[in-house]
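The values are calculated or read from the model by the stated rules, or taken from the named source; none is laboratory data. No experiment lies behind these values; they were computed from the predicted model shown. Positions of Cβ are backbone-derived with ideal geometry, glycine not excepted, and every protein chain shown enters the neighbour counts.
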Ligand SMILES: Nc1ncnc2c1ncn2[C@@H]1O[C@H](COP(=O)(O)OP(=O)(O)O)[C@@H](O)[C@H]1O
Ligand SMILES: [Mg+2]
């Protein structure tokens with residue numbers, strides 16, 4: 001089996017006595033798409049927040065490529081090649097779509113510190129920014145302020161920001177949530193395209209998306225790992241069916 | 001106030017951006033007009049008042065760099081204005097260097113002081129940031145008051161020499177023109193910072209710090225550099241202020257001095273940069289006129305003006321002018 005790039009050991013997070021993530025052991029193999037599923041409130045977003053340093057664990061450890069990153073701040077983890085998208089779209093209201101991507105591209109260098117230079121220097125990222133915008137289907141909307149974009153396009157920009165970091169590990173929190181069918185298909189194609197050379201962890205409610213993309217699936221429930229394995233196995237697991245997938249998915 | 005002002009700071013109207021869409025000719029005309037007014041100022045006002053406007057303009061622009069472009073309300077910037085004033089005065093007294101060198105040295109001392117204060121303060125946001133900066137400024141005030149040997153205590157620092165290659169600058173009219181290059185340099189620096197790659201990151205941090213961190217930006221360090229740069233520009237203003245008055249008093253470190261700079265920014269418009277210049281001109285001129293006419297309750301009038309501007313021109317004077325111009329041009 002391929003080496004593990006992202007691992008958690010007994011990862012735990014409490015919110016004032018409420019255990020949102022409870023002793024999670026996760027091992028994501030390099031180059032795979034690993035889906036994280038589970039009912040609302042299962043702790044998926046909290047797990048992402050722990051992995052990316054936005055929350056400090058109450059217990060346990062996190063490793064990226066064998067390196068302990070437990071307790072590192074978000075910007076350090078991002079610099080180590082772990083990028084995330086947010087379940088609730090998180091953009092800069094004053095910036096245009098292209099300026100968003102330029103800002104994301106600029107983050108990898110030291111250009112951001114140059115307070116004595118002109119912002120026109122960001123022009124060097126323009127070609128790459130336009131490429132990324134085209135990739136997510138925003139090529140016509142580069143000048144539009146992020147505020148004015150329709151919901152589905154905002155989700156696309158959210159993806160473009162994570163991709164701009166060219167991460168080794170890409171964490172996507174419900175990238176298709178609230179999207180129309182066409183946008184869902186486009187997003188699946190996109191993830192399929194950008195997964196080459198990366199490891200993707202995907203929180204997703206849409207089981208057909210999970211089936212199309214995921215190599216392995218981890219099912220979370222009430223903060224714990226309920227089941228883990230290849231999609232078809234997990235899908236057939238009795239406990240998973242009663243706990244989560246239920247009749248609706250069996251029918252669909 | 002902080003919550004309301006921070007809300008507004010999120011959407012900075014920009015006269016420059018409005019003008020950027022305007023014909024080139026209009027842009028140059030506006031710039032020429034601004035330059036003409038600047039050069040004429042000591043002929044239309046008391047030269048000493050004109051010089052004060054220059055100093056406070058730098059101070060207000062420095063505060064706006066933090067408030068408008070980084071989303072941090074400093075209520076302790078008098079620490080940097082006043083520290084630079086004292087440092088400039090001491091350098092001038094003891095080293096006898098040309099006054100711009102003394103001012104530059106004062107501003108560097110202010111920036112050096114801002115590093116440890118900022119390091120601790122940027123870990124807080126909103127009203128807590130304002131409180132931490134205020135607390136440090138109060139500390140500096142008491143230190144200055146106690147170190148009488150250095151600062152002269154309540155008597156202040158007296159007889160600061162104003163030297164520039166033997167030129168006679170005793171007349172405020174001539175000092176205005178001698179100080180102008182330093183001021184324009186400081187204002188240009190602020191403009192450069194706002195329109196740099198660094199400035200772009202600052203606006204990102206102001207509007208969505210979590211996203212900025214997810215993109216790999218060390219938000220605290222960026223805020224710290226913004227804080228130090230702002231203190232440097234405030235220090236240029238404070239140093240010139242010491243040179244302008246040729247003495248330095250504890251007032252330069254007082255919390256009301258911090259408050260005055262914030263009021264200037266709000267009057268002119270948060271996040272407009274040049275609004276601070278306008279706010280400074282207005283407030284300095286008004287205070288001078290009120291005290292000259294023997295009016296006692298200066299604070300009552302400036303406070304009243306503040307309330308009217310906040311209520312009627314919600315984006316400040318400059319911001320409102322920018323909006324009007326933009327609407328005209330877009331028609
Ligand atoms: N900051 C927080 N403070 C308190 N409780 C929280 C916080 N964040 C999440 N929770 C709780 O933790 C549980 C897991 O939430 P979340 O991770 O968002 O679930 P999911 O993403 O799987 O839907 C929920 O019960 C939620 O209410
Ligand atoms: Mg969630």
Worksheet item: Looking at the range A:184-224, which of its residues are within 16 Å of ligand 1 (Cβ to nearest atom), farther than 12 Å from residue A:35 by Cα and surrounded by 20 or more Cβ atoms within 10 Å (Cβ to Cβ)?
Response: A:223
Worksheet item: Has the range A:98-111 got any residue that is within 28 Å of residue B:197 (Cβ to Cβ), within 16 Å of ligand 2 (Cβ to nearest atom) and within 14 Å of chain B (Cβ to nearest Cβ)?
Response: no
Practice prompt. Could you please give the count of residues in the range B:222-259 that are free of Cβ contacts under 8 Å to residues at least 60 places away in the same chain and surrounded by 24 or more Cβ atoms within 10 Å (Cβ to Cβ)?
Written response: 0
Fill in: the range A:1-38, subset within 19 Å of residue A:213 (Cα to Cα) and within 13 Å of ligand 2 (Cβ to nearest atom), residue surrounded by the fewest Cβ atoms within 10 Å (Cβ to Cβ)
A:38
Item to complete: Could you please let me know if residue B:226 is at pLDDT 95 or above, within 14 Å of chain A (Cβ to nearest Cβ) and in contact with a helix residue (DSSP H, G or I) (Cβ under 6 Å, 6 or more places away or on another chain)?
Response: yes
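Confirm whether residue B:206 is within 14 Å of chain A (Cβ to nearest Cβ), more than 18 Å from residue A:78 (Cβ to Cβ) and surrounded by 22 or more Cβ atoms within 10 Å (Cβ to Cβ).
Numbers: within 14 Å of chain A (Cβ to nearest Cβ): yes; more than 18 Å from residue A:78 (Cβ to Cβ): yes; surrounded by 22 or more Cβ atoms within 10 Å (Cβ to Cβ): yes.
Yes.
Yes/no matrix, rows are residues, columns are (1) touching a residue at least 60 places away in the same chain (Cβ under 8 Å); (2) buried (at least 19 other Cβ atoms within 10 Å of the Cβ); (3) in a helix (DSSP H, G or I); (4) at the interface with chain B (Cβ under 10 Å from one of its Cβ atoms):
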site	(1), (2), (3), (4)
A:61	no, no, no, no
A:77	no, yes, yes, yes
A:88	no, no, no, no
A:93	no, no, no, yes
A:116	no, no, no, yes
A:121	no, no, yes, yes
A:126	no, no, yes, no
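Condition check: in contact with a strand residue (DSSP E or B) (Cβ under 9 Å, 6 or more places away or on another chain) and in contact (Cβ under 8 Å) with a residue 12 or more places away in the chain. Does residue A:172 satisfy that? Don't jump to the end; show me each part of the working.
On the way: in contact with a strand residue (DSSP E or B) (Cβ under 9 Å, 6 or more places away or on another chain): yes; in contact (Cβ under 8 Å) with a residue 12 or more places away in the chain: yes.
So residue A:172 fits the description; yes.
For residue B:59, indicate whether it is under 15 Å from the mean Cα position of the chain (by Cα), surrounded by fewer than 24 Cβ atoms within 10 Å (Cβ to Cβ) and either part of a helix (DSSP H, G or I) or in contact (Cβ under 8 Å) with a residue 40 or more places away in the chain (or both). It would help to see each step written out before you state the result.
Numbers: under 15 Å from the mean Cα position of the chain (by Cα): yes; surrounded by fewer than 24 Cβ atoms within 10 Å (Cβ to Cβ): no; either part of a helix (DSSP H, G or I) or in contact (Cβ under 8 Å) with a residue 40 or more places away in the chain (or both): yes.
Here the answer is no, as residue B:59 does not meet what is asked.
If I ask for residues that are touching a helix residue (DSSP H, G or I) at 6+ places or on another chain (Cβ under 8 Å) and either part of a strand (DSSP E or B) or surrounded by 18 or more Cβ atoms within 10 Å (Cβ to Cβ) (or both), which ones from the range A:168-183 would you list? Step through it out loud before you land on a result.
Taking the range A:168-183 and keeping what is touching a helix residue (DSSP H, G or I) at 6+ places or on another chain (Cβ under 8 Å), we get A:170-173, A:175-180, A:183.
Of everything in the range A:168-183, those that are touching a helix residue (DSSP H, G or I) at 6+ places or on another chain (Cβ under 8 Å) and either part of a strand (DSSP E or B) or surrounded by 18 or more Cβ atoms within 10 Å (Cβ to Cβ) (or both) turn out to be A:170, A:171, A:172, A:173, A:175, A:176, A:179, A:183.
Yes or no: residue A:131 within 16 Å of ligand 2 (Cβ to nearest atom) and either assigned to a helix (DSSP H, G or I) or surrounded by 19 or more Cβ atoms within 10 Å (Cβ to Cβ) (or both)?
Values: within 16 Å of ligand 2 (Cβ to nearest atom): no; either assigned to a helix (DSSP H, G or I) or surrounded by 19 or more Cβ atoms within 10 Å (Cβ to Cβ) (or both): yes.
Against the criterion (within 16 Å of ligand 2 (Cβ to nearest atom) and either assigned to a helix (DSSP H, G or I) or surrounded by 19 or more Cβ atoms within 10 Å (Cβ to Cβ) (or both)), residue A:131 does not qualify.
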